[in-house]
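Colleague: Okay, handing you the structure first.
Just so you know, all these numbers are worked out from the coordinates, no wet-lab data involved. In this text, all values refer to a predicted model and were calculated from it rather than measured experimentally. Methodologically, a virtual Cβ is constructed for each residue, glycine included, from the backbone with ideal geometry; neighbour enumeration extends over all protein chains shown.
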Amino acid sequence: MKQNLVKAVKFLIYCTFFVPLLVLPTSFIFPFIVPKILVFRGLVTLMIGCYLLLLLINWQEFRPRFSILNLALSIFLASFAISTFVGVDPYHSFWDNHERMLGLFTIFHYVAYYFICSVMFKNWSDWSKALKVFLSAGSLVMLVGILQHFKSGVLLNGDSNRVASTLGNSIYVGGYGLFLSFTAFLLFIKENNKIWKWLEIAMGVLGIIGMFFSGTRGSMLGLVAGIGVAVLGYIIVLRDFPKTRKILMGVAVFGVVAISLLYVFRQTSFVLSIPAVNRTINTSFESVKNSPRWVAWEVAVASWKERPVFGWGPNNFFYAFNKHYQPRSLEWGYGETWFDNAHNIIMNTLAVQGAVGLVSYLFIFLAAIITLVLARRRKTLEPHVVVIGVSFLAAHLMQSISVFENPTSYLYFMFWLAMIGSLSMIKEEPVNTGIKNNGKSGSISINKNIGTGAIVTTGLVVLLLVFIFEIQPARANMKTLDALKYLSYQPAVGLDIMKLALAFNSPHIDDIRSDLTRTASQILSSGDNKLGKEKSMEMLSIALDAMQANVFLHPYDIRNYLTLSQLSQAGYSLTNDTRYIGEYGTYLETALKYSPKRQQIIYNLANFYLQIGKTDEAVSSIEQTIKDDPKIGEGYWRLAYIYRLVGKMDKAIEVLNLAEKNGVVFRSDEQGIVSQILAPAPATTAKKK
């Protein structure tokens, strides 16, 4: 029984290496994320079931040992949990949304994965086999990315200059390629089999090519940092090999010179033609400072000052960004006014988990490095694992400074940490069946028999958990996608499927409501509504109820209020009931309370004020947006339009002249609106008596 369970757990671990390959574009909303997380959590739940049975069979052999690294992971999980429940939206922190799916529930599975891997693989032989499987699976991901580079459109990737492979995001590909390159080097340098050596070289090259084709600056910085730490590490540990140390010092000097030359000639066609390197070497501090990410980092610091200890709660950066929204975000377009992550692991963790969370996260890296150094001093770990182990940790942290953890990065990060913890552990010699120790060093390890009842009970509980938390959410997500498809071209059929999707008991029911009601709002507001009055009112009622349920669950989420305001407008169009107009304004005013400087809300509020005859309020609200950021052209033409509407053309012209004075350049679509504002009013023909 014990050996079968061990084999089962190892097999399940091997299966997780292929999770990054999962992508089902026609079956799931967020097909690059949802299937991966659901399958990974399902596999880990099965592992936990088997692992619990192994603990019952032999607690001494399979229990987690105390170590500083195990302590660090436990502290991180505890910090994550505390921040979840004291944050501004515990439900969102616990489950997260379909786009990320990295709530506390999923993080628990990643930490459990770490502990199980660290226990199940005992020695380098076990770890090298696992690393080879991981490297092979990752190479397939890189191959897809390389194919995308030469053939646009593969797996929904429209930009051949920055491939997303099966991960759905070029940033994720860059980080994964970074991991694979270090993994390949570690395996290569310890490999004895010549065939495997060549295979590891080839797969390492694939990782590097995938990383370059991802065009990710963070990964490039991580690669440089990792190589630098590796060279320095080998110089330190190879004290008895002076010639090798001199060669490494030469490599270090060459690297510095090469990077310097790339920077000096960064504007040449040669450097500009190198994928990823061109973006990295041509990024200046000034360009970073004048970017949406810098705004997000400033918001992160401001948010942390407001909640410094445990933060706003994991995955709640969206709320912090809304409250501390900076109007200049709109200078880069509406797409850059919505941030659910600071795109910097340090800044984001500081904001959502506070100082405690950031320290606990960084402590993981420190604990892993201390673990490796102490193991080397005890001579229980040879230098290659120590140097490459530390090097990848440095590389991963460096590349995460410009991005954030994701489902794939958590997978390989936890696996790497587990390898460090397992190989660095002082091994006790187990005495497998001994009732007497017979003078041997080590601990007595006795296998116990477990009954059929324990096995059946554990199996049923595990299967029930998989069904409730993985299969049901998968079915709900797929049904929601079906509803969205039908709503687009057969809204009457889509309405029936919409009801079925909303009836699912899924932890992500809030996402389902949001997706469906946004689409319903578009249909109801469309001039080409084919539903008819009765069906339209039914859809409106269902959508309003769904969004009110979301407001109860997430009272600070301004997206709920914006959707409700749109539904209210649709309700007025359908019924001419002025009650909907009042609700439209109320929802917008509530949204503005949670994001006071957001122009999108203020512009809509100005329209509301015009509808109810409060022209002065409309004018003053738009004027405030111009004061908040005089560079945004939309405020000027909206204000000028209001003045034209009320017959004050001199004021309209004055506003447009102010825009020109402030250096505003209207977009082509805005220029058309400005032309309409300045066009002469149509002449009226007097009736003859």
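Colleague: Tell me the Rg and the Dmax, in Å, that the Cα atoms of region 532-689 produce.
Modeller: 18.6, 65
Colleague: Return the whole-Å distance between the Cα centroid of region 172-191 and the Cα centroid of region 570-591.
Modeller: 56
Colleague: Pairs to check: Lys194/Lys243; Lys485/Lys533; Lys597/Lys631; Lys323/Lys593; Lys7/Lys190. Give those whose C-alpha atoms are more than 18 Å from each other in this structure.
Modeller: Flagged as over cut-off: Lys194/Lys243; Lys485/Lys533; Lys7/Lys190.
Colleague: Only loop residues by DSSP count here, and only those with at most 14 other Cβ atoms within 10 Å; note down the trypsin sites (Lys or Arg not before Pro) in region 173-255 that meet that.
Modeller: Filter output for region 173-255: Arg239.
Colleague: Now for a separate question. Could you line up Asp629, Asp240, Asp510 from fewest to most neighbouring Cβ atoms inside 10 Å?
Modeller: So the residues, fewest neighbours to most, are Asp240, Asp629, Asp510.
Colleague: Calculated from DSSP H runs of 4 or more alone, at -39500 (n - 2.57) each and per residue, what is the 222 nm mean residue ellipticity of the chain, nearest 500?
Modeller: Value at 222 nm, helices only, nearest 500: -23000 deg cm²/dmol.
Colleague: May I pose another question? On a 0 to 90° scale, report how tilted helix 558-575 is relative to the longest principal axis of the chain, with both axes built from alpha carbons and the result rounded to the nearest 10.
Modeller: 40
Colleague: At 0.890 mPa s and 25 °C, plugging the Kirkwood radius over alpha-carbon pairs of region 487-532 into Stokes-Einstein gives what diffusion coefficient in µm²/s?
Modeller: The estimated diffusion coefficient comes to 221 µm²/s.
Colleague: Angle between the Cα long axis of helix 407-424 and the longest principal axis of the chain, 0 to 90 degrees, nearest 10?
Modeller: Once rounded, the angle reads 20 degrees.
Colleague: If you don't mind, another one. So if I place +1 on the C-beta of Lys and Arg and -1 on the C-beta of Asp and Glu, and nothing else carries charge, what would the dipole magnitude of region 83-144 be about its Cα centre? I want it in debye, nearest 20.
Modeller: 360
Colleague: Starting from the Kirkwood radius over alpha-carbon pairs of the chain, derive D by Stokes-Einstein at 20 °C in a medium of 1.002 mPa s and give it in µm² s⁻¹.
Modeller: Estimated diffusion coefficient is 75 µm²/s.
Colleague: Let me ask another. If I take every Cα pair under 8 Å that is 6 or more residues apart in the chain, average their sequence separation and divide by the length, what percent do I get for the relative contact order?
Modeller: Computed value for the chain: 14 percent relative contact order.
Colleague: Could I ask something else about it? Which three extents, in angstrom, do the Cα atoms of region 182-230 have along their principal axes, listed largest first?
Modeller: Its Cα atoms span 35, 23, 9 Å along the three principal axes.
Colleague: Further question on the same structure: Please list 476-482, 464-470 highest first by mean number of surrounding beta-carbon atoms within 10 Å per residue.
Modeller: 476-482, 464-470
Colleague: What do you get for Rg/Rh over region 1-141 if you use C-alpha atoms and the Kirkwood form of Rh?
Modeller: Rg/Rh for region 1-141 comes to 0.99.
Colleague: Once you order the gyration tensor axes a ≥ b ≥ c over the Cα atoms, which shape class does region 571-626 get: rounded for a/c under 1.5, otherwise prolate or oblate by comparing a/b with b/c?
Modeller: Oblate, since a/c reaches 1.5 and b/c is not below a/b.
Colleague: Semi-axes of region 90-209's equivalent ellipsoid from the Cα gyration tensor, sqrt of 5 times each eigenvalue, largest first, rounded to whole Å?
Modeller: 27, 25, 8
Colleague: If region 626-682 were replaced by its equivalent ellipsoid, with semi-axes equal to the square roots of 5 times the Cα gyration tensor eigenvalues, what would those be, largest first, whole Å?
Modeller: In descending order the semi-axes read 18, 13, 9 Å.
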